[in-house]
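Here the structure is laid out as structure tokens; the discussion comes afterwards.
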Amino acid sequence: MNKYDFTAAFIVPTGIGASIGGYAGDASPCLNLISKICPVITNPNTVNAAIFSGINENILYTEGFAIDRFFKEEIALRPSKYNPIGVIFDKAIPEDILNVHINTINAVKTVYGINILGYEITKNEVGVNFSISESGISSGNIESPETLIEAGRVLIDKGAEAIAVVCYFDSSEDNDYSKGEGVDPVGGVEAIISHILTKEFNIPVAHAPAFNDLSISSEIVNPRASAEYITTVFLPCVLLGLYNAPKLVNIDNTNYQDITLGKIKALIVPCNCLGGIPILKAIENNIPVIAVEENTTVINVTAESLGIENKVIKVKNYHEAAGRLLALKQGIYF
């Protein structure tokens, strides 16, 4: 039996104020618990924590747009190791901040031996705009997506099999976020940036923001956000995640070792963000959906509001979710 024949998915969508997983790698302990039971597909923000990462060898680090395509059975995931990584830098990043990021790349290469084959600066400024919508969801847009695609193509031509992106954000101020409240203000547009490149190139992609302040705060912040307040760069976690991220394979080109939707035996999600593609496709394909009540978001789309309460397994917390997943793996249904 292939170890990936029983695989779970653990998703905490970006930029929706999840009480667990909406900050800086704060879902990592819960995800690592689940990964003790079986391999787990997850989106980057569950483990990304600036200079730290909650990733381990049983976690399949997969961008959100790619996860949607996976659940729509358009692609499969092919477990991979040691992906050559290319880095895109936004032309808008000031030289002093860029130099810190280049030092960061060299430090990660030196300490971890990661194959980072180089970086490319976009020809034009990406033009990142971000905001919190009236509904409380992190949102935004970019003005020049084509400049990201052009830089990505150069890196792929050089041999990159995964891409890290660093775009410039004019401000990072958000007092509610530092207090462990509210929504990550940049999460929504970060997802847009990675979606654009994943859609274009069908390879692993993840984004790290660059801000205009190189100082480190000495203020005590909420533990869930603290990883982002002891550093001025957020790139290391992205590089660590992408290095062993699964390759994205068109569904017509799969082999028996690839992870397809049929190998997903459970989907674990916060209790009130149940309207996304993975949830709806899981239900359509009779994949158990485990909704965790301790993890809430600003979206408030519940099983009851969708009329699917008889198709969702509600659990109080991630420890209980782990128990239900272990029971499923042992063929115990209750």
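A few points about this structure:
- Only residues that are of a type in the set (A, V, I, L, M, F, W, C), under 25 Å from the mean Cα position of the chain (by Cα) and under 25 Å from SER28 (Cβ atoms) were counted in the range 302-334, giving 7.
- Members of the range 207-220 that are under 15 Å from ILE51 (Cβ atoms) and within 24 Å of the chain's Cα centre (by Cα): ALA208, PRO209, ALA210, PHE211
- Exactly one residue among GLY188, GLY180 is outside any strand (DSSP E or B) and in contact with a Pro (Cβ under 8 Å, 6 or more places away or on another chain), and that residue is GLY180.
- Test set (1) assigned to a loop (DSSP other than H, G, I, E, B); (2) within 28 Å of TYR82 (Cα to Cα); (3) not assigned by TED's automatic domain parsing to the domain that holds THR62 - ILE220 fails condition number: (2)
- Among the residues here, VAL249 qualifies as at pLDDT 95 or above, part of a strand (DSSP E or B) and either in the same structural domain as LEU214 (by TED's automatic domain parsing) or under 27 Å from ILE156 (Cβ atoms) (or both).
- For GLY323, the conditions (1) of a type in the set (Gly, Ala, Ser); (2) in contact (Cβ under 8 Å) with a residue 24 or more places away in the chain; (3) farther than 25 Å from PRO44 by Cβ are fulfilled apart from (2).
- Subset of the range 149-169 that is over 18 Å from PRO44 (Cβ atoms) and not in a helix (DSSP H, G or I) - its residue that is farthest from the chain's Cα centre (by Cα): LYS158
- Residues satisfying the stated conditions in the range 106-148, i.e. within 20 Å of the chain's Cα centre (by Cα) and among the β-branched types (Val, Ile, Thr): VAL108, ILE114, ILE116, VAL128, ILE132, ILE137, ILE142
- Odd one out for TYR256 among (1) out of contact with any strand residue (DSSP E or B) (no Cβ under 9 Å at 6 or more places or on another chain); (2) crowded, with 16+ Cβ neighbours inside 10 Å: (2)
- Filter result (out of contact with any strand residue (DSSP E or B) (no Cβ under 9 Å at 6 or more places or on another chain), touching a residue at least 12 places away in the same chain (Cβ under 8 Å) and either among the β-branched types (Val, Ile, Thr) or surrounded by fewer than 19 Cβ atoms within 10 Å (Cβ to Cβ) (or both)) within the range 184-225: LYS199, GLU200, ASP213, LEU214, SER215, ILE216, SER217, GLU219, VAL221, ASN222, PRO223
- With respect to being surrounded by fewer than 18 Cβ atoms within 10 Å (Cβ to Cβ) and closer than 20 Å to ASN255 by Cα, LYS72 fits the description.
The values are calculated or read from the model by the stated rules, or taken from the named source; none is laboratory data. All of these numbers come straight from a predicted model, not from anything done at the bench. Heads up, the Cβs are rebuilt from the backbone with ideal geometry, glycines too, and the neighbour counts pull from every protein chain shown.
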